[in-house]
Amino acid sequence: MAIIEMNNLWKEYGDQVVLERLNAEVQEGEFVTLVGASGCGKTTFLKMLLGTESPTRGKLLLDGAPIPDQPDETRGIVFQRYSVLPHLSALENVMLSDELHRHKLIGRAFGGKRKALKDAAMAMLESVGLTQAAGKFPHELSGGMQQRLAIAQALMKRPRILLLDEPFGALDPGIRRDMHHLVLDLWREQGLTIFMVTHDLAEGFYLGTRLWVFDKTRLDPQAPGAYGARITYDLPVGDCDKGTLTAIQEQADATARTMA
Amino acid sequence: MAIIEMNNLWKEYGDQVVLERLNAEVQEGEFVTLVGASGCGKTTFLKMLLGTESPTRGKLLLDGAPIPDQPDETRGIVFQRYSVLPHLSALENVMLSDELHRHKLIGRAFGGKRKALKDAAMAMLESVGLTQAAGKFPHELSGGMQQRLAIAQALMKRPRILLLDEPFGALDPGIRRDMHHLVLDLWREQGLTIFMVTHDLAEGFYLGTRLWVFDKTRLDPQAPGAYGARITYDLPVGDCDKGTLTAIQEQADATARTMA
Amino acid sequence: MKKLINRQPGRVATWALGLLPFALLLVVYLLASDARLEANPNDKLLPAFSAMGDAIQRMAFEPSKRSGEYLLWADTLASLTRLAIGVGISALMGLVFGIVTGTLPYARAGLSPLITGLSLVPPMAILPILFILFGLGELAKVMLIIIGITPFLIRDLQQRAQEIPAEQVIKMQTLGANTWQIILRLVWPQIMPRLISAVRLSLGSAWLFLIAAEAIAATEGLGYRIFLVRRYLSMDVILPYVLWITLLAFAIDFLLARYSRWRYPWFHGSH
Amino acid sequence: MKKLINRQPGRVATWALGLLPFALLLVVYLLASDARLEANPNDKLLPAFSAMGDAIQRMAFEPSKRSGEYLLWADTLASLTRLAIGVGISALMGLVFGIVTGTLPYARAGLSPLITGLSLVPPMAILPILFILFGLGELAKVMLIIIGITPFLIRDLQQRAQEIPAEQVIKMQTLGANTWQIILRLVWPQIMPRLISAVRLSLGSAWLFLIAAEAIAATEGLGYRIFLVRRYLSMDVILPYVLWITLLAFAIDFLLARYSRWRYPWFHGSH
Amino acid sequence: QARDSFKVCWSIYVGWLPWDYGAAEGIVDKWADKYDIDIEVVQINDYIESINQYTAGQFDGCTMTNMDALTIPAAGGVDSTALIVGDFSNGNDGIVLKDADKLEAIKGRRVNLVELSVSHYLLARALDSVGLSERDITVVNTADADLVSAFNTPDVTALATWNPLLGTIKESPEANLVFDSSKIPGEIIDLMVVNTDTLKANPALGKALTGAWYEIMGHLNDSGFRQHLANVAATDLDGLRMQLDATRLFDKAEDAVTFTNSPALKDTMQKVAEFSFDHGLLGEGAPDAGFVGVETPAGVYGNNGNVKLRFDPTYMTMAAEGEL
Ligand SMILES: Nc1ncnc2c1ncn2[C@@H]1O[C@H](COP(=O)(O)OP(=O)(O)OP(=O)(O)O)[C@@H](O)[C@H]1O
Ligand SMILES: Nc1ncnc2c1ncn2[C@@H]1O[C@H](COP(=O)(O)OP(=O)(O)OP(=O)(O)O)[C@@H](O)[C@H]1O
Ligand SMILES: NC(N)=O
Ligand SMILES: [Mg+2]
Ligand SMILES: [Mg+2]
């Protein structure tokens, strides 16, 4: 059975239609990248997967049941910013989910238990190359290190689905490429299902097993909110030529200009 | 005579060397794009051109004389953010420099004079495609419109040098390409000398007549501040092949990783 | 079930929940008042609502026997005038000094330590000195407000002026502005909505100082009346006066907030 | 010449400029005091420094004849204890209610209107009620501080709790946290440094209320002493006491700022 | 109902300072022990607040003047008994003018005083004596703690107050005392007032307080006693003597009993009640000055059915006769 299934999914804010008539199935272990003009509803879509927004029409199913309407540990997330907790050191950030799990009441571990959690967290930090930074606070880390930490933190909980909202948008191109390798490695190792929003079409093509383009198929320049975006391309990656890329690019640009 | 000239220019903050031994000449009308890893000193260099930072060694000359040590109307600037004044409408933002010039004491024009200034400002707004938005406040404009407004505002003062610090970094790719055309048109029309920092190597190649790569030629991973960046490539644009691009990319990435 | 943190009350629930504690307070008052009046029908501490109603009627709608004035309105006018003058002068001084110290490093170096020092002096403790300097007339009452809130306003607005992004100051210079023009066309207009916020924050203290000043030497005013009738524990007058002051404070705060939104849309739009 | 706005004073100039106004104040005082003492050698309003020195000697270093205590220290201890208890309880209530109303929408709907209402009531006007409700013991003195600053603290901390990025609350939930854990491991630790800032902001009012409370019901304390000797216009005692209060206020503020920087580096690093 | 622990309060005024001596030296405790009760003596800095607290039931007894006893607790329905008539003001309250040494010059001035207090009453009596009325002046309510510094400002040219403020003000070269309470002797009376119901149920309280008071009075001329009082009042021995000299302190219980029994007390209370009624101090419900009845040994003034203030010499008589 598909892990995620959408049946005629709509999302509206008042009069404004953000997404309309989305239909798709995603299997466990896929890596879906989402591209599209700014404001076309990519983040809104992730929020529905996360449970912080609800569909206004149609169905969004997880394992065949309506997706929980609030965030929980089945779905991890990494945002572009605010992705780690600023008041905890890198190590504490990574240990957090285990601590919360072990000690429901105080959400903290002590003594021998703490030692065990710490070892696990250090192993995770090592796998994202942050061993040296274990004791530092996020504000002492560079942007790239913070995002590596965010990924490590999310993966400690072993979520089934990982949601990434432009996680590398603020990074240097070089650092960004390092992060790509890291994410691909972790995805393969842990058998995750990933949804990742990006502004960078090339990144979308490079990373995913499947690329979705969100775009408005109908556009009313007088009322940009009258129609919502749909999935206009759903490409298994590899199966695309230069022409497709250019076509996507031009279509997305036209939408962006109308909406800006 | 060169409009800008650097002789063995250094910039240090305390122990930290940011830039070292910069030597170059820039002629009036050139379009210099600056690329380099994050934190390597590109913004610092623009600040020296602007006059908000002073060189710690060597000389930085404007028309053969030391560059003024505070900002003035010879050099316009567009930042990535905060680039227009939030409390003025688009039209007022563009009229501002003329008003300041005409009325030293109150910095405001009234009546017939105001009418004349307004017409000039509307013409400028039209040339950047913001006629519709003249009465709006910046927070009502999209990011791309704000940056177009910032450019219009800077150009009203007819600066000889225009400094751009990642002015399009926060924009959608499509919008960004529109801005490229706008900047190139205005540069050609007004005979400006432009220095533009970008993170996007492709943008740097596409826009400039000359591309500078800032990079550290010596690197001590234990003390990233011990050596400063220099201009490692100074390419007349057009004169580069795929190999150069890749080489630049890889070198910059290595630096970024060490510094991150 | 959603987690508590994710649960939002609806419109009706929000109103109901918001009014509930007020209703509870009212009931508690009624019970306590009844109990005391049961024990002593002349008890003045927690008067019945009817007694407060009488007092309101007397103070607001019947001319006073002594002066022929409608006391509540005369008191309100006197107090609001003092408050307006005091807060107005403080706001003006806060604006001028806040802009000057926030914008000019030399002015900041010279004045900031003094202002910090002054802001820490408790004004009530130096009343005798204030009297010599400012006498005992209207000026003195207004002066206590001014001395009480001006240091705060100056410090707050200095902070806000310093928070104006350096990029904008640089931008003004590249557009040809000199220091005076930067103040006139950048700092001042941007500080105005922040001045309103700061004034709103300081109004609580301003009321406090006004009441204290009126308790010291006055012939009318809301604070005067409260402290006067405190002499014979007339809670039937004090409680409606306190409620009235609270209402006035609320109304002023509300109007300032509204004005700011209307006059400075750019400020509220981007925050 | 650089524009005034771009000119920064050096280290020495900063100190010199900062001290200048204090020196001027001192000189003005000396001149005024001399002039008054010239006219009337018994003038008490602006005592000479020698008279203040004598008073300090008497209050701080000679045991009182009434109780054998060193009055200045006994007063300081009494006042600081009250201040600490009052501010401590207020901080605790601010923390608890601020977190609860800032985090849980239902609690916010129920309590926010009440707290807003209460924050507008001028505490000085309801003094009689306060004293009756809380008696005249230490609790009552402390109560005025608590009633005076707690609504502000709650509202400020509610605001701060609401400002915690929604992303972090969501992140906690994806890491398996329930509401209680989100409060315990996200909201509470992040609010702590903000609590310190809020307390620093409210300390001025706390001193004011402390002095007012001591003026009414106390037998020792800095405010009590000032109001006691005011009957004799003993400015030779009042002025050093005011200076001492100012110094204490400054020291407390400084220590809190230092503590916050030391204990919450992540808060100050990212702001 | 009978109890065995009580609280009384006092505030700083020369006629009440001895209570602190009694508390500090254990005299009050000694007498309380004798009658097997506890009495806590509490100092309250603010005079009005002390009366309010008493009226609200926080204290069983409190020191106050005859006028405040009538207008605050009695008018507030708290039946109160003047247990001890301690003294009357014989110069402790006065009216001071600048640039004039005749009371008549007060006409047209703004007079700073604690409105509705005994100073206000004194002023009314003074105006009466020279054929003026309150309409001829403007009363400016001024907090007592601020009167001294107020006098130093040019705005203030007339004020009425009591000691020690009066003494401090008189030191100023500009001050001319034009009227004082020695011209209306016996009208401003300082009392220890206790709740009548409490006293009825607990005669021990009355006995212990009265016994303690007259033992304290026995120390009146001790230097230790005077030094203690001076310290509490934050003044020196001279300052204290000046205040005591202006006070007719009944250190002998017989004198207090005689004063209380004299018919003049009833007349005084009538004047006070009329003044209070004119100023609305008896409450809005009061139809006339006699609305609140005052019981004196010479008879009841005012409404017999609403007696709320009682001058009861019983306990002072016991003290005078050595029965305590
Ligand atoms: N809570 C909300 N209420 C009303 N409208 C909203 C809300 N959240 C988002 N929107 C609107 O929905 C549209 C889609 O927003 P969304 O953030 O999903 O876009 P996006 O594709 O993620 O854009 P970007 O690439 O800029 O992040 C926007 O027009 C936005 O204004
Ligand atoms: N005022 C300052 N004091 C001390 N160090 C500074 C200061 N300003 C900048 N630096 C340091 O100088 C170096 C260069 O900073 P700069 O902002 O010029 O980099 P950049 O190339 O513009 O980076 P980015 O691409 O991230 O904008 C950085 O290491 C920075 O920490
Ligand atoms: N008690 C007084 N003022 O005599
Ligand atoms: Mg988005
Ligand atoms: Mg930069």
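For this structure, a couple of remarks:
- Meets criteria (within 30 Å of E:Val111 (Cα to Cα), within 15 Å of the chain's Cα centre (by Cα) and at pLDDT 90 or above) for C:Phe254: no
- Looking only at the stretch B:208-260, and only at residues there that are modelled with pLDDT under 75 and of a type in the set (Lys, Arg), the one that is nearest to B:Gly29 (Cα to Cα): B:Lys242
- Checking each residue in the stretch C:227-244 for being without any contact (Cβ under 8 Å) to a residue 40 or more places away in the chain and in contact with a Pro (Cβ under 9 Å, 6 or more places away or on another chain) picks out C:Arg230, C:Ile238, C:Val242.
- Meets criteria (surrounded by 17 or more Cβ atoms within 10 Å (Cβ to Cβ) and more than 16 Å from ligand 5 (Cβ to nearest atom)) for A:Ser54: no
- Some residue of the stretch B:81-95 being crowded, with 21+ Cβ neighbours inside 10 Å, away from ligand 1 (no atom under 16 Å from the Cβ), under 14 Å from the mean Cα position of the chain (by Cα) and in contact (Cβ under 8 Å) with a residue 60 or more places away in the chain: yes
- Test: D:Leu233 is facing another protein chain (nearest Cβ under 9 Å) and farther than 29 Å from C:Gly204 by Cα: yes
- The one condition from (1) within 27 Å of A:Arg176 (Cβ to Cβ); (2) touching a strand residue (DSSP E or B) at 6+ places or on another chain (Cβ under 8 Å) that B:Ile4 does not meet is (1).
- Verdict on A:Asp165 being at pLDDT 85 or above, within 10 Å of another protein chain (Cβ to nearest Cβ) and within 16 Å of ligand 1 (Cβ to nearest atom): yes
- Of everything listed in (1) crowded, with 24+ Cβ neighbours inside 10 Å; (2) in a helix (DSSP H, G or I), the single unmet condition for D:Gln162 is (1).
- Counted residues, the stretch D:26-53 - those being more than 17 Å from E:Thr153 (Cα to Cα) and polar (S, T, N, Q): 1
- Within the stretch D:94-106, the set of residues being at the interface with another protein chain (Cβ under 9 Å from one of its Cβ atoms) and out of contact with any Pro (no Cβ under 7 Å at 6 or more places or on another chain) comprises D:Thr103, D:Leu104.
- Inside the stretch D:1-23, residues that are within 9 Å of chain C (Cβ to nearest Cβ) and part of a helix (DSSP H, G or I) make up a count of 13.
- Restricting the stretch D:216-230 to residues that are within 7 Å of another protein chain (Cβ to nearest Cβ) and touching a Lys or Arg at 6+ places or on another chain (Cβ under 9 Å), the residue that is farthest from C:Ala215 (Cα to Cα): D:Ala218
Table: residues versus (1) in contact (Cβ under 8 Å) with a residue 60 or more places away in the chain; (2) surrounded by fewer than 20 Cβ atoms within 10 Å (Cβ to Cβ); (3) within 14 Å of chain E (Cβ to nearest Cβ).
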| residue | (1), (2), (3) |
| --- | --- |
| C:Ala109 | no, no, no |
| C:Leu118 | no, yes, no |
| C:Pro123 | yes, no, yes |
| C:Phe131 | no, no, yes |
| C:Leu136 | yes, no, yes |
| C:Leu139 | no, yes, yes |
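- Yes/no for B:Val26 being away from every other protein chain (no Cβ under 14 Å), modelled with pLDDT of 90 or more and closer than 18 Å to B:Asp165 by Cβ: yes
- The criterion of at least 3 residues that are of a type in the set (D, E, K, R) is met by the following helices (runs of 4 or more DSSP H) wholly inside the stretch B:122-212: B:173-190.
- Number of the exception - D:Val199 against (1) more than 9 Å from chain A (Cβ to nearest Cβ); (2) touching a Gly at 6+ places or on another chain (Cβ under 6 Å): (2)
- Residue check: B:Gly39 meets all listed conditions (1) away from ligand 5 (no atom under 16 Å from the Cβ); (2) on the phi > 0 side of the Ramachandran plot; (3) more than 9 Å from chain C (Cβ to nearest Cβ) but one, namely (1).
- Test: residue in the stretch D:251-269 that is within 12 Å of chain E (Cβ to nearest Cβ) and touching a helix residue (DSSP H, G or I) at 6+ places or on another chain (Cβ under 9 Å): no
- Elements of type strands (runs of 3 or more DSSP E) in the stretch B:1-101, at least 1 residues being within 16 Å of ligand 2 (Cβ to nearest atom) and more than 23 Å from B:Leu201 (Cβ to Cβ): B:4-13, B:16-26, B:57-62
- Taken together, the criteria place C:Ile89 among residues that are closer than 30 Å to C:Ile183 by Cβ, within 30 Å of the chain's Cα centre (by Cα) and either among the hydrophobic types (A, V, I, L, M, F, W, C) or modelled with pLDDT of 95 or more (or both).
- Residue in the stretch A:202-228 that is nearest to ligand 5 (Cβ to nearest atom), counting only those that are surrounded by fewer than 19 Cβ atoms within 10 Å (Cβ to Cβ) and among the aliphatic types (A, V, I, L, M): A:Ala202
- Identity of the residue in the stretch A:42-54, within 9 Å of ligand 1 (Cβ to nearest atom) and of a type outside the set (Ser, Thr, Tyr), that ends up farthest from the other protein chains (Cβ to nearest Cβ): A:Phe45
- Those residues of the stretch B:160-216 which are more than 28 Å from B:Asp63 (Cα to Cα) and of a type in the set (Phe, Trp, Tyr), in sequence order: B:Phe168
The values are calculated or read from the model by the stated rules, or taken from the named source; none is laboratory data. Model, not experiment: these values are computed from the prediction. Note: ideal-geometry Cβ built from the backbone for every residue, glycine included; neighbour counts use all protein chains shown.
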